[in-house]
């Protein structure tokens, strides 16, 4: 790698000056908001949502700084990328504190949290989730396919799928999917996104299990997301989707049980796969 000259470095610092100032502003605002949350019991949910969005903006500034580094210096700014990743995790934690991190649970389990953020309209909730998903994708692209963080994005994607569901008021789904509702468009798009993200999270955890971790816990998480998807279909009364999702859920559960039994044997899983020739039906 070519040595970076002083002139190039100064040019880079000048170009990122605005973004560095934005970072400082957002970090200071985070401290102030956290102080307010600790001092007052009321309004915590709204402040946590605000913090979550601030941390997405923070991650975006770090991503821009990395982009400038690549354009001006010809190298990735690993520090900026790591700060973006940490900011994204903080954003996830704040929104989970506001709406819960439950994957497959009835709305009644986190209903009280939804009441605290009632003033956020359907469009605002949908916009925040889209912003979160975009930031995750941009960070994943910035790291590249061969990053050591590749499989950690499965967790981030899964957690974002859960909060996409939990920030949505499912009890109002039927009312707001009426074309006469003022919230019709964001509600329909958000619901579509929830179903897409839950299905994707399930597949990604299954992929991680098969290709990387071989951890039963990852497979269980995939099944948990499938179960959450089935719950959504049931709430919306979509019988065809309920049947299809249940079929996939049954196949995955049978596969999980078979793998648990196989892993309890003496041979490593891969050797057992080669030896028994058992080709489980999968989706």
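The values are calculated or read from the model by the stated rules, or taken from the named source; none is laboratory data. Keep in mind it's a predicted model, so treat the numbers as computed, not measured. Heads up, the Cβs are rebuilt from the backbone with ideal geometry, glycines too, and the neighbour counts pull from every protein chain shown.
Summary of computed values
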quantity	calculated
Close pairs (7 angstrom Cβ cut-off, 6 or more residues apart or separate chains): on the phi < 0 side of the Ramachandran plot and touching a residue at least 40 places away in the same chain (Cβ under 8 Å) in the stretch 64-81, assigned to a helix (DSSP H, G or I) and surrounded by fewer than 17 Cβ atoms within 10 Å (Cβ to Cβ) anywhere	68/15; 72/8; 72/11; 72/15; 73/8; 76/70
Odd one out for residue 134, checked against (1) surrounded by fewer than 18 Cβ atoms within 10 Å (Cβ to Cβ); (2) part of a loop (DSSP other than H, G, I, E, B)	(2)
Within the stretch 1-106, helices (runs of 4 or more DSSP H) holding 1 or more residues that are at pLDDT 95 or above and within 19 Å of the chain's Cα centre (by Cα)	44-72, 78-99
Pairs, first more than 20 Å from residue 49 (Cβ to Cβ) in the stretch 150-177, second surrounded by fewer than 15 Cβ atoms within 10 Å (Cβ to Cβ), C-beta under 6 Å, six or more apart	151/212
